[in-house]
Structures are given as structure tokens and as C-alpha cells.
Amino acid sequence: KLTIPAENPPHEIVLDFDMPRPKAGKLTVTVVDGDGRPAAGAVLDGAYQAMSSYFSPIRTNEQGTVQLVHSLDPLVLSASTPDRSQAAVVRLDAEATEARIVLKPTATASGRMVDPEGRPVAGRELTYGVRVNVSTKRGGPFGYHFGGRTTTDADGGFRLPGLVVGEKYEIQTEDDNRYVSAKTTPLAEGPGLLALGDVLLDLTPPKPYVPPTPTQVT
């Protein structure tokens, strides 16, 4: 409400209004192949860098485009062919309204999972993905995306298909209600086969916490 006094009214009245920021906006994504041709049926998947937002996978139309309403939060976006032989990852700021993704041939990592004694870790289910920080704060929550699952064979051998060139992947397994990361983080510098060799996975249970004695504290 604005009230102008009847006596001695001011020459000018300044009022500042707080305009709430919208929670969502429109985003147009265009996916093309290496020759610039529309990639129809490409799979889009994303991960918001915010706790309150979730991205649902979607496919491009015949023109290789998708128009969607997205949360106005930083977004890591992945596009791939259905067989994941070609893929790419882009990072968008919160205010982005357009994105163009150029698909490139992917890599496949192979290796042999071993324990600290060099013995094969057989029949172990593995997950792999690109780490995306949910928060910009150091030490904040994070998740793994754009990867998949596989299981080691009798000799500990495994393959990780669909790796985006230039992206670092982390390999994990669930053991006794905790997630354990392998010591190797695959990063393909080009398409094709990436040989990892022996990959260490230490499933040794963590030692229980023992509080320091008064002598150790001093």
C-alpha cells in the first residue's frame, strides 16, 4: 500500500519490491552426431547440483531436440545413443535456456579386480559413474551418474562400456552396508578400448574407533 500525506507531500517516493526468482525455466536441447546431423532418439539424462531437484530421462524427437521445463539449478547433462556407442556430457549453469550436445564415440574400459594380496575379486557386482557434486560446498553430498553396472568374472575380469571421453569415472561396490571405491578411476582420452590392468579393491573392514588415552591426548 502507498500512502501520500496530504500535508507537505514529498516530491518523490521510492519503493523497492522483492521479485522472487522463478523455480523453473524452459530449456531447449539439441543433440547432433559428429557430422552435425540430428540425433533422433538420443537418450538425455541429467543430474542437478541441488538437493531438491531430480531429472527424468527423456529421448530426443526426429529433429534431435527436446524442449523441457527444468529446475533453475546447475545441471550436468548427458546424451547418448541407445546402445551407448556415442555419448557426451555438458555442464549448464542455472540460467541456461539452450544447449547443443555433439555425440562422440565412447570408450570401453577393461581390467581385473584384485584384493590387496593380488587375488582376483570374483563375482563382485560393480557400479561405475561420473561423480556429480550435489552442493557447491566443499565436502558436500554427491552422486554418481551416466555409468552402469557389471559383475566381475571368475578371474576378477570386468568391462565398463559407454565411457564418455574426457570424463573421470569411479568404480564402487557395496559391501556390508557400505560403499567401497576401487583405487583406479578410469578416464578415457580417446574412444575404443581402455586397458586398466589390475585394479585394487580393498574390502578390509574398517577398524573400530578407539578413543585416545589421556597420555595420547597430552
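When the residues of the stretch 194-215 are filtered to those that are open to solvent by less than 80 Å² (accessible area, probe 1.4 Å) and touching a residue at least 24 places away in the same chain (Cβ under 8 Å), which remaining residue is farthest from LYS168 (Cα to Cα)?
We begin by selecting, within the stretch 194-215, every residue open to solvent by less than 80 Å² (accessible area, probe 1.4 Å); these are 194, 196-197, 199-203, 212-213.
Imposing the further condition that a residue be touching a residue at least 24 places away in the same chain (Cβ under 8 Å) reduces the set to 194, 196-197, 199-203.
Values: LEU194: 13, LEU196: 13, GLY197: 17, VAL199: 15, LEU200: 17, LEU201: 18, ASP202: 20, LEU203: 22 Å.
Looking at the filtered set, the residue picked out is LEU203.
Taking the stretch 159-218, which residues are polar (S, T, N, Q) and more than 23 Å from ASN133 (Cα to Cα)? Matches in the stretch 159-218: THR204, THR213, THR215, GLN216, THR218.
The stretch 18-71 holds strands (runs of 3 or more DSSP E) entirely within its bounds, and those carrying 3 or more residues that are more than 20 Å from the chain's Cα centre (by Cα) and not β-branched (Val, Ile, Thr) map to 24-32. Residue check: GLN63 meets all listed conditions (1) open to solvent by 100 Å² or more (accessible area, probe 1.4 Å); (2) at pLDDT below 95; (3) of a type outside the set (D, E, K, R) but one, namely (2). Scanning the stretch 153-172 for residues that are more than 27 Å from ARG91 (Cα to Cα), open to solvent by 10 Å² or more (accessible area, probe 1.4 Å) and not in a strand (DSSP E or B) yields ASP153, ALA154, ASP155. Scanning the stretch 173-193 for residues that are open to solvent by less than 40 Å² (accessible area, probe 1.4 Å), modelled with pLDDT of 95 or more and not in a loop (DSSP other than H, G, I, E, B) turns up THR173, VAL180, GLY192.
Table: residues versus (1) at pLDDT below 95; (2) among the acidic types (Asp, Glu); (3) closer than 28 Å to LYS26 by Cα.
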| position | (1), (2), (3) |
| --- | --- |
| PRO57 | yes, no, yes |
| ASP73 | yes, yes, yes |
| VAL114 | no, no, no |
| GLY123 | no, no, no |
| THR127 | no, no, no |
| SER135 | yes, no, yes |
| HIS145 | no, no, yes |
| GLY148 | no, no, no |
| GLY157 | no, no, no |
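For (1) touching a residue at least 60 places away in the same chain (Cβ under 8 Å); (2) over 29 Å from GLY139 (Cα atoms), each residue gets a yes or a no:
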{"residue": "GLU12", "(1), (2)": "no, yes"}
{"residue": "MET19", "(1), (2)": "no, yes"}
{"residue": "THR28", "(1), (2)": "yes, yes"}
{"residue": "VAL32", "(1), (2)": "yes, yes"}
{"residue": "ALA39", "(1), (2)": "yes, yes"}
{"residue": "LEU44", "(1), (2)": "no, no"}
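The values are calculated or read from the model by the stated rules, or taken from the named source; none is laboratory data. Since the structure is predicted, the reported quantities are computational estimates derived from the model, not experimental observations. Reconstructed Cβ throughout: ideal geometry from the backbone, glycine too, with neighbour counts over all protein chains shown. Calculation scope for accessible area: heavy atoms of the full protein, side chains included, ligands and nucleic acids excluded. Shrake-Rupley method; radii C 1.70, N 1.55, O 1.52, S 1.80 Å.
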